[in-house]
Amino acid sequence: MEAFTGLFPAAAWLVALLFAGAAMLGGPRPIPARHAVERLIQGILYFPVGIQGLLAFVGHVFLPAEASADIGWTQSPFEFEVGVANLGLALTGIVAVRAGPGFRFAVALFALCFLGGAGVGHIGQFLTAGDTAPGNTGAILATDFLTPFALLILLRIQQRIGPWASGEDPLAP
């Protein structure tokens, strides 16, 4: 499971970028910035947020000993809670692919709190305990910050370059 934990976050991002690229190839020419940003947001919501979250749910809930070992921890009853939080993030991310900007913004905030908080915890474990397990450092650590920040930045760009599909703007005063 270590190779999976170490590689899947990067693979999810690669698939998201490939999805966005393929979707843009089938779109209008020249490719409007609005179209590119939308496809990137959809790819990130579906793959690094949705699919990766579902797999994290499965790992933490159904394979807790392996999931804990991949993070460099001993198994704990908190594996279930972490798994269910991952399930919530995954399902909201998948729904957000077709949702309006307000819902997407809420998912990005959820991702920032959950994934960003996990990333801060991973850094703390690295600094205090020397934990270099694949589920604590490497690609997972990078995507803990990359995913929510990329979503927030892309949502802001989308808000600035064109009207939201629903006309709603969650970032407006």
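The values are calculated or read from the model by the stated rules, or taken from the named source; none is laboratory data. Computed from a prediction, not measured in an experiment: that's the story for all the values here. Quick reminder, even Gly has a Cβ in these numbers, built from the backbone with ideal geometry, and neighbours come from all protein chains shown. Calculation scope for accessible area: heavy atoms of the full protein, side chains included, ligands and nucleic acids excluded. Shrake-Rupley method; radii C 1.70, N 1.55, O 1.52, S 1.80 Å.
Give me the number: length gained by fully extending Ile161 to Thr132, i.e. 0.36 nm times residue separation minus the C-alpha to C-alpha distance, one decimal in nm. Walk me through the numbers on the way to the answer.
Numbers: separation 29, 0.36 × 29 = 10.44 nm, distance 4.09 nm.
Stretched fully, the Ile161-Thr132 segment lengthens by 6.3 nm.
Take every Cα pair under 8 Å in the stretch 13-78 that's 6+ residues apart, average their separations, divide by the length, and report that relative contact order as a whole percent.
28 percent
If packing is taken as the mean number of other Cβ atoms within 10 Å per residue, what is the order of 45-57, 93-105, 115-127, highest first?
Ranking, from highest mean packing down: 45-57, 93-105, 115-127.
Show me 74-87, 128-141, 145-158 ranked by packing, highest mean number of other Cβ atoms within 10 Å first.
Highest mean packing first, the order is 145-158, 128-141, 74-87.
For the stretch 1-70, what is the accessible area per residue in Å², given a 1.4 Å probe and the full set of protein chains?
48 Å²
Suppose only helical runs count, i.e. DSSP H with n ≥ 4. What mean residue ellipticity at 222 nm does that imply for the chain under -39500 (n - 2.57) per run, divided by all residues and rounded to the nearest 500 deg cm²/dmol?
On the way: 7 runs with 126 residues, N = 173.
Helix contribution divided over all residues of the chain: -24500 deg cm²/dmol.
When the accessible area of the chain is split by element with a 1.4 Å probe, what percent falls to carbon and sulfur?
Accessible surface attributable to carbon and sulfur in the chain totals 73 percent.
As a test of understanding, state the convex hull volume per residue of the chain from its alpha carbons, in Å³.
Output value, Cα hull per residue: 111 Å³.
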